[in-house]
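Notes to accompany the following structure.
The values are calculated or read from the model by the stated rules, or taken from the named source; none is laboratory data. All figures in this text were calculated on a predicted structure; none of them were measured in a lab. Backbone-built Cβ (ideal geometry, glycine too); neighbour counts: all protein chains shown. The area values use the complete protein model at the heavy-atom level, side chains included, leaving out ligands, DNA and RNA. Shrake-Rupley method; radii C 1.70, N 1.55, O 1.52, S 1.80 Å.
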Amino acid sequence: MATPSVRDRLVSSAVTMLRTHGADGFGMSALLQHSSVARRSMYQYFPEGKAQLLSEATATAGKGVCAYLKAALAEHHTLDALDLWAEQWKSSMAASDYALGCPLAAASLSAHEYPDAAAESATALSRAATLIAEALTRDGLDADEAQSAGRVAVSSVEGAIIVARATRSVQPFDDFAAHARAVWGAAADISHIVEFGV
């Protein structure tokens with residue numbers, strides 16, 4: 001396995017720090033210590049400092065989330081893919097003892113100080129909602145309802161992450177998965193019957 005580059009180590013550490021401390025909860029000294037990168041090396045890759053690094057870290061995290069969803073949705077029925085997404089978060093919570101949140105949520109809360117990072121978060125969250133909506137439409141849900149459902153699904157998972165960390169319980173993810181199946185599963189089944197007459 002290739003050794004991560006200095007740039008990749010910085011971005012990876014920034015994502016982790018976003019997940020654990022939020023955008024405003026750490027300074028460059030802590031990030032450099034976490035990544036084992038010298039300050040002068042950091043500014044070679046990110047001359048604008050923390051703001052530029054957080055923007056890149058958020059963009060990288062967003063691409064990762066969307067790549068995961070795109071692959072899961074391509075291989076599974078939408079509701080099964082959403083179950084898998086919820087299970088992934090449950091595993092992450094258990095493995096980290098509820099220490100790791102969502103980097104996209106953390107970046108979105110920093111819009112005043114780090115607007116570029118918040119903008120990258122908005123782009124990724126919108127893309128995730130669109131991917132889910134497209135899959136729900138493919139599975140038989142009305143297109144307009146699917147667009148709304150995609151946005152609700154992303155909002156629900158992001159909210160579940162916050163509540164799970166606060167309550168130290170993965171129940172919010174189970175609640176989301178059950179609600180999604182009860183509401184959108186029934187609607188998709190009805191749409192399928194209407195469209196194909198089966």
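What's the extension gain from residue 97 to residue 169 if we count 0.36 nm per residue and subtract their Cα-Cα distance? Intermediate values should be presented prior to the final figure.
Numbers: separation 72, 0.36 × 72 = 25.92 nm, distance 1.00 nm.
Roughly 24.9 nm would be gained on extension.
Can you give the relative contact order of segment 54-171 as a percent, counting alpha carbon pairs under 8 Å and 6+ residues apart?
Details: 124 pairs, mean separation 37.3, N = 118.
Taking the mean separation of contacting Cα pairs over the length of segment 54-171, I get 32 percent.
Suppose only helical runs count, i.e. DSSP H with n ≥ 4. What mean residue ellipticity at 222 nm does that imply for the chain under -39500 (n - 2.57) per run, divided by all residues and rounded to the nearest 500 deg cm²/dmol? Before the final figure, lay out each step's value.
Values: 10 runs with 152 residues, N = 198.
My calculation for the chain gives -25000 deg cm²/dmol from helical runs alone.
Could you work out the relative contact order of segment 1-129, using alpha carbon pairs under 8 angstrom and six or more residues apart, expressed as a whole percent? If you can, show how the numbers build up before the last one.
Working: 134 pairs, mean separation 43.0, N = 129.
It rounds to 33 percent for segment 1-129.
Could you put 63, 70 in order of accessible surface area, largest first, with the 1.4 Å probe and the full protein assembly present?
On the way: 63 145, 70 125 Å².
I get 63, 70, largest accessible area first.
Using only the alpha-carbon atoms, how far is helix 6-21 inclined from the longest principal axis of the chain? Give it as 0 to 90 degrees, nearest 10.
70
Roughly speaking, to the nearest percent, how much of the chain's 1.4 Å accessible area is carbon and sulfur? Mind showing how you got there, number by number?
On the way: 5570 of 10050 Å².
So the carbon and sulfur contribution to the accessible surface is 55 percent.
Let me check I've understood the local charge: for residue 159, count other residues with C-beta under 13 angstrom from its C-beta, Lys and Arg +1, Asp and Glu -1. What total comes out?
On the way: positive: 151, 165; negative: 158, 175.
So the surrounding residues net to 0.
If packing is taken as the mean number of other Cβ atoms within 10 Å per residue, what is the order of 78-88, 40-50, highest first?
Working: 78-88: 20.2, 40-50: 14.0.
Per-residue Cβ counts within 10 Å, averaged per peptide and sorted highest first, yield 78-88, 40-50.
Can you give the angle from 0 to 90° between the axis of helix 50-75 and the longest principal axis of the chain, with both taken from C-alpha atoms, to the nearest 10?
Approximately 30 degrees, to the nearest 10.
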